[in-house]
Amino acid sequence: MKIKNTKLLIMILALITTAAVGITIWTVFFRNDTVLAPDYAPVEKEEHAETIPGDAGDKMESEKGGGSVSLSYSDDVTIDLRDRQASLLFGNPGRSNQDMVLQIVIQDTVIVQSGTLSPGNQVTTLDLLPGAEKRLVPGGYEGKFVVFYYSEETGEKAMVNT
């Protein structure tokens with residue numbers, strides 16, 4: 001009886017080990033959920049960017065080598081899966097002295113990444129990343145904005161993000 005239990009235990013452990021190795025291989029090689037922010041601002045400006053109406057553009061002061069930003073946004077985002085677009089309000093007021101790149105993240109998956117959004121500009125529409133519409137179904141989701149900052153002069157990414 002003891003030998004039968006030992007064989008059964010070995011078979012169960014081998015099955016668990018095989019499943020763990022399979023999941024690890026899938027996670028490392030085939031799962032592609034993350035979109036990394038570039039170290040330098042994208043060359044292309046955001047195609048949907050528009051000037052913020054009535055923005056005076058008076059720059060905020062910052063220490064040498066530092067930056068200063070101001071944000072204007074609404075936390076209400078609507079995604080049209082057919083048109084593959086997100087409707088939102090996100091602005092980089094003229095007071096900022098940094099360019100921005102905006103990501104919309106749902107369940108640790110980046111579904112939208114903007115081009116460069118310069119101070120004094122806003123977006124009300126952004127395109128979904130390729131394939132993002134296949135990962136979503138109609139309904140409500142909790143999500144977040146992730147904002148990366150870039151020097152206007154060098155395009156280099158700031159050390160902090162929001």
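A short reminder: the numbers here are calculations on the coordinates, not readings from a lab. Everything quoted here is computed from the prediction, not taken from an experiment. Note that each Cβ is placed from the backbone with ideal geometry, even for glycine, and that neighbours are counted across all protein chains shown.
Residue separation times 0.36 nm, minus the C-alpha to C-alpha distance between L136 and T17: what's the value?
Value of the extension gain: 39.7 nm.
Taking amide H positions as placed 1.01 Å from N in the peptide plane, with prolines and chain starts having none, which residues 5 or more places from N121, or on another chain, fall under 5 Å of its amide H?
Excluding prolines and chain starts, which carry no amide H, the hits are I52, N92.
How would you order 99-112, 81-94 from highest to lowest mean count of nearby Cβ atoms within 10 Å?
Descending mean neighbour count gives 99-112, 81-94.
Quick check: net charge around L89, other residues with Cβ under 12 Å of its Cβ, Lys/Arg +1 and Asp/Glu -1?
Residues near L89 contribute -3 overall.
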